[in-house]
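The values are calculated or read from the model by the stated rules, or taken from the named source; none is laboratory data. Quick caveat: nothing in here was measured; it's all calculated off a predicted structure. Note that we place each Cβ from the backbone using ideal geometry, even for glycine, and neighbour counts take in every protein chain shown. Please note that ligands, DNA and RNA were not included when accessible areas were found on the heavy atoms of the full protein model with its side chains. Shrake-Rupley method; radii C 1.70, N 1.55, O 1.52, S 1.80 Å.
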Amino acid sequence: MPSLRAAAIGPDIVPALAEIEARPSARGKFIFVGDDKLYVRGVTYGTFRPDEDGHEYPAAPIVERDFAHMSACGVNAVRVYTVPPPWLLDSAWRHGLRLVVGLPVERYVGFLADKTDGLGRLEAVVRAGVRACRGHPAVLCYAIGNEIPAPVVRWHGRRRMVGYIERLYRAAKAEDPTALVTYVNYPSSEYLQLPFLDLVCFNAYLESQERFAAYLARLQNIAGDRPLIMSEIGLDSLRHGESRQAKVLECQVRTAFASGCAGAFVYAWTDEWYRGGEDVDDWAFGLTRRDRQPKKALAAVRKAFAKVPFPQDRLWPRVSVVLCTYNGGRVIRDCLEGLRKLDYPNFEVIVVNDGSTDNTAAVLREYDFRVITTENRGLASARNTGMEAATGEIVAYLDDDAYPDPHWLTYLAATFRSTRHAAVGGPNIAPPGDGWIAASIANAPGNPAHVLVSDREAEHIPGCNMAVRKASLQAVGGFDPQFRVAGDDVDLCWRLRERGETLGFSPGAMVWHHRRNSVRTFWKQQVGYGRAEGFLERKWPEKYNVAGHTSWSGRVYAQGLAHLLFRPSRIYYGMWGSAPFQRLCEPPAGGLLSLPLMPEWYLVIIALLALSALGTLWTPLLFVLPVAVCAVALPLLQAVASAARASFASAPRSGAAEMLRLRGLTAFLHLIQPLARLRGRLAGGLTPWRRVRSSGLELPRPRTFRVWTERWQAHEERLRSLKGALSANHAIVQTGGEYDRWDLEIRGGMFGATRVLMAVEEHGHGTQLVRLRTWPRCSPIGVTLTLVFAALSTAAAIDPSLPVSVILGMAALLPALRTATECATSTAAIRRTLRQSGFESVR
């Protein structure tokens, strides 16, 4: 039977072919056809001078020869800029090529200035183009526009342009619902956020490999959990020479795939190019010349395409995959099947069964992996057991409810080879088909997330997708066994970074991570995370602020992050919109606007409602009721806004009613997740009123200390030594910032602290006079609460309403006493440490 691809394909048999060959789909960071991953190895084709009938492609015999040559060179995809005729689609399919079909919206973008039905005319262009190709198996995806000019985008505004593109996307989907649809962006309008697209496509021309790799890392973070395709990369051989073109293109192709891209299109197949009504002959980006004679670049690109995603002749480090499970029998089979399919030449799998009481052991016996069974000692201990048994130089950890992409280890190992990172992580993405509840939970806050301090360096990588050099892991003593359920990965990341190590992130090292499939299990998970935060705060008090929240210096990347209301953002345009790289700049999270997102906001609501309830005894307090209503409204509005922005790509396709159900549950999860965290935090001792460990009180007042020393020490080093001595005495110490007129702050609690300022006088021959000034600091929150409740108590006494006056007076006394006590505690801590260091009090 002749091959389908070798047969002549006519429009009448295209539907049958479409049923035989699965259509491309975007799954996580890559594109799949059926169960096979498709690395897109492409070239661009056109645009060409139209013939007398207006067709913008060469004659059929020329196209046939071009496609045959492309296929022979390892190309499997072609990007065209206009809607192709049926015969060209058939020709591509015969040669095993898939087409990115350009719907040239950018040519008609002037329609948007037409206030009558300009956008409707653009929709008609998109619909007609999709109808002309709908259902053809050669279609890889549709591209609705290519580089709409940055001045046009700036003229219409970011939000309006995003709305335009989304309407065009919906129009294309209406014509061909199962097709992939994208928009081809470029650096000058990078700030367009288009979360509805099926995949992310960017054109970028950067000759420097270092800059190209850095920009790819940025684009991967913009793409998030979607595939990234470089839709144009290239170099002009006319200006740089054919040898330089070949070298740069080979490097760019390899860099693109090594960075986790799903594909790359080299611009262009031929030097023949027509634009703006005339042939362009002052550039030569083609892999072949106008007469189709190959350049050196064609051989270089063919060589690079043959080694996608990485050359297989490398010496790959041995990796030990450690899978820890406790009663994971329901979900572990997907993980074990994924481990069977790993495409990596040198690895072992170690399963640590941490005292499971369900059918986990029976499931494990079906697979030929090494299993270590222990009594139930918790997650961190199980991970240490796996580390001790590992024979690889890299230990890669995976949760039993996650399963890896076949190239997971390849991307991790490649990052270790090219960097000195102690640990590397990758994205964990909710798989499709888990049901509507799991889809909503995937869009809820609190799921495992990575935190990046730059586009390639991480501050935290979650344990469900974490690989660590075994030597670095052993150097810090492995995981801390006190973390039985969660928090062990955060603790390990902090210890590695404290040791001076760095953490990396590889977008291609992807795992599918099942989210919880019921509200009850989601609640239980978040309560557990809250308890883990209590353990972390006791071990790392300096990492937490007075309210009990850690302040990440990097940016959290996760689906389902709570949408901060009224959060402004700015776009960097450059002078008169001339910047070649224009990006969206968002302010860091924090400040008053972030308060409604904190679990403790529910305590504020309870306090306000209790205060307004006193209005039944003293009517002036009824003014608190509108404030309480606003306090309740803020998380409700935030939940609705976050649910409205949620993406349900992994959910089953559904109508308006089902989508309303998805968004409704997502909003509900945004409301209950902080409550679950609050419950866990309170149970774990992480309360706003928690006390700092102390061994005495000292009258909080300003003091000056000094010490004469003949052992010279740098100012910064002396402060570090003092901070270390304070920490050894169990004090919680914060370092002053660049704009602070103090050096150290000893925290007494939420309401009180003591600050320290140091000055060093140099007296020659290595002698120094060191002076220290200390003074108490009362928290503005404590002072405000005291004054407000005292004023209300006085007013109630004058009215008179003595019971309310007494209640409010006690409410004023509590923060006042707490502030004084915490200041006294921190003063005692600094004075005790200074006495041990030989300082004497001046006054």
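Short-range pairs are left out: with C-alpha atoms under 8 Å and at least six residues apart, the relative contact order of the chain is 9 percent.
Of the listed pairs Lys29/Lys470; Lys247/Lys307; Lys539/Lys723; Lys37/Lys296, which have alpha-carbon separations greater than 25 Å here? Present the calculation step by step, with values, prior to reporting the outcome.
Values: Lys29/Lys470 28 Å; Lys247/Lys307 16 Å; Lys539/Lys723 16 Å; Lys37/Lys296 29 Å.
Over 25 Å apart, Cα to Cα: Lys29/Lys470; Lys37/Lys296.
Carbon and sulfur: what percent of segment 290-437's accessible surface (1.4 Å probe)?
On the way: 2900 of 6200 Å².
So the carbon and sulfur contribution to the accessible surface is 47 percent.
Accessible surface of segment 39-193, 1.4 Å probe: 53 percent of it comes from carbon and sulfur atoms.
From largest accessible area down, sort Tyr557, Tyr739, Tyr39, Tyr572; use a 1.4 Å probe on the protein chains. Numbers along the way, then the final one.
Details: Tyr557 45, Tyr739 210, Tyr39 20, Tyr572 120 Å².
So the residues, ranked largest to smallest area, are Tyr739, Tyr572, Tyr557, Tyr39.
How large, in percent, is the carbon and sulfur part of the accessible surface of segment 783-843 at a probe radius of 1.4 Å? Walk me through the numbers on the way to the answer.
Numbers: 2230 of 3170 Å².
Carbon and sulfur: 70 percent of the exposed surface of segment 783-843.
Treating r as the C-beta distance of Phe369 and Arg289 and R0 as 56 Å, the FRET efficiency rounds to 0.55.
Taking a ≥ b ≥ c as the square roots of the Cα gyration tensor eigenvalues, with a/c under 1.5 meaning rounded and otherwise prolate when a/b beats b/c, else oblate, which class fits the chain?
On the way: a/c = 1.91, a/b = 1.73, b/c = 1.10.
Verdict is prolate for the chain.
If the chain linking Val33 and Ala124 were pulled fully straight, counting 0.36 nm for each residue of separation and taking away their Cα-Cα distance, it would gain 29.8 nm. Contact order, relative form, for segment 730-769: 27 percent (alpha carbon pairs under 8 Å, 6 or more residues apart, mean separation divided by residue count). Helical runs assigned H by DSSP (4 residues or longer) give the chain a calculated mean residue ellipticity at 222 nm of -12500 deg cm²/dmol, each run adding -39500 (n - 2.57) before division by the residue total.
Note on Val788: accessible area approximately 70 square angstrom, rounded to 10, probe 1.4 Å, nucleic acids and ligands left out. The calculated FRET efficiency for Lys539 paired with Leu787, based on their beta-carbon distance and R0 = 22 Å, is about 0.05. Solvent-accessible area of Arg818, all protein chains in place: 40 Å² (probe radius 1.4 Å, heavy atoms, ligands and nucleic acids excluded). In straight-distance terms, cross-link reach from Lys303 covers every one of the aspartates and glutamates whose alpha-carbon lies under 15 Å from its own, apart from those fewer than eight places away in the same chain; here that gives Glu250, Asp313. Take every Cα pair under 8 Å whose residues are at least 6 apart in sequence, average their separation, divide by the length of segment 659-761, and the relative contact order is 21 percent.
Solvent-accessible area of Lys723, all protein chains in place: 70 Å² (probe radius 1.4 Å, heavy atoms, ligands and nucleic acids excluded). Summed over all non-identical Cα pairs, the Kirkwood treatment of segment 667-764 gives a radius of 16.8 Å.
Surface exposure of segment 22-92, expressed per residue as accessible area with a 1.4 Å probe, stands at 37 Å².
Take the eigenvalues of the Cα gyration tensor for segment 252-376, scale each by 5, and report the square roots as semi-axes in whole Å, largest first. Write down the numbers at each step before the final one.
Numbers: eigenvalues 549, 48, 20 Å².
That gives 52, 16, 10 Å for the three semi-axes.
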